[in-house]
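Q: Have a look at the structure that comes next, please.
Computed from the coordinates by the stated procedures, all read-outs in this text should not be read as laboratory data. Predicted model only: the values in this text are computed from it and were never measured. For neighbour counting, all protein chains shown are included, and Cβ atoms are generated from backbone atoms with ideal geometry for every residue, glycine included.
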Amino acid sequence: MTAYYNEFDPFAAQWLRNLIDSGLIAPGIVDDRSISDVTPSDLNGFKQCHFFAGIGGWSLALRLAGVPDDYPCWTGSPPCQPFSTAGKQLGRLDPRHLAPTFVRLIKQRRPTVLFGEQVKAAIGKYWLDDLFDELENENYACAASVLPASGVGAPHKRERICFGAVLGDSNSQVWKGFRKSEQVIFQEGWADEKRHPLSSNVASHFWSDWQPNEGADGQIRMLPAGYGEASNGVSSRVELLRGYGNAIVPQLAAEFISAFLESCGESL
């Protein structure tokens, strides 16, 4: 198995297994325990580790960016509720603030490269400062950018922090092997080539069938065609909404991954 997925929500965990079985994300196993129960030895033998895995958005984003499934990399998008403007905004005091637990595993296993995402509001509560302080103390070089989903053609803004980190004392041969791989195009001149099989008009691929719908609150939202039709599966609909709502935008994350790896490749 190539990848390890950690996802505490049972519905999302089964969703991940279905995606793996369908070959839509990297092959691997799904661990549905809390990240607090995960030990460093549990991660032995895995090339990629995806924490707070949701519905597999980071695995898909890596593929879209041209990164092979067996490339060593960690990802993690800790729960946003403690820092979201829609919640109680308890910040570091919220028991769902699990970034420190994620960092604990990073310190113990020291992955070469890692990526993650968080709501924009977390900047104002020093979430990113705390994370980068911890990582930089472990000799990681870090970078982040606030990016909107609309930047890749989505019909909504959805601004999120995308961050990346690379271990400063990592063996540069890992990078050289990746950049010279025939499986991907992160090699000399790669920036002039197509990184993934998407047209530059991303919106026509992913959101062209979405339609404006007015909700009970009077707000107009873009939704997939046919969404909202009569259905008896109310509980399933709620779970689907939660899965989509917590997910990253893989097309946007892929752009960040590509830019980050290009920058690292120039310095390692």
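Q: With +1 on the Cβ of every Lys and Arg and -1 on the Cβ of every Asp and Glu, and nothing else charged, how large is the dipole of region 106-166 about its Cα centre, in debye rounded to the nearest 20?
A: 300 debye
Q: Please give the contour-minus-distance gain from ASP129 to ARG17: 0.36 nm per residue of separation, less the Cα-Cα distance, rounded to one decimal in nm.
A: In short, 36.9 nm is gained.
Q: Rank the residues PHE260, PHE52 as a footprinting-exposure proxy: fewest other Cβ atoms within 10 Å of their Cβ go first.
A: Fewest to most other Cβ atoms nearby, the residues stand as PHE260, PHE52.
Q: Taking H as built 1.01 Å from N, whose amide H comes closer than 5 Å to the amide H of CYS49, not counting residues under 5 places away?
A: Hits under the 5 Å cutoff: TYR4, CYS73, TRP74, THR75.
Q: Rounded if a/c is under 1.5, else prolate if a/b beats b/c, else oblate: with a ≥ b ≥ c from the C-alpha gyration tensor eigenvalues square-rooted, which is region 1-52?
A: Cα axes put region 1-52 in the oblate bin.
Q: Using the crude model of +1 on Lys and Arg Cβ and -1 on Asp and Glu Cβ, and no other charge, please compute the dipole size for region 1-79 relative to its Cα centre, in debye to 20.
A: 180 debye
Q: Within a 10 angstrom radius of the beta carbon, how do SER41, SER258 rank from fewest other beta carbons to most? Before the final figure, lay out each step's value.
A: On the way: SER41 8, SER258 20.
Going from sparsest to densest Cβ surroundings: SER41, SER258.
Q: What full-extension length gain, to one decimal in nm, is calculated for ALA143 and SER263 as 0.36 nm per residue of separation minus the Cα-Cα distance?
A: Extra length from ALA143 to SER263 when fully extended: 42.2 nm.
Q: Would you order ARG17, ARG33 from fewest to most other beta-carbon atoms within 10 Å of each residue's own beta-carbon?
A: Numbers: ARG17 16, ARG33 12.
Least to most surrounded, the residues fall as ARG33, ARG17.
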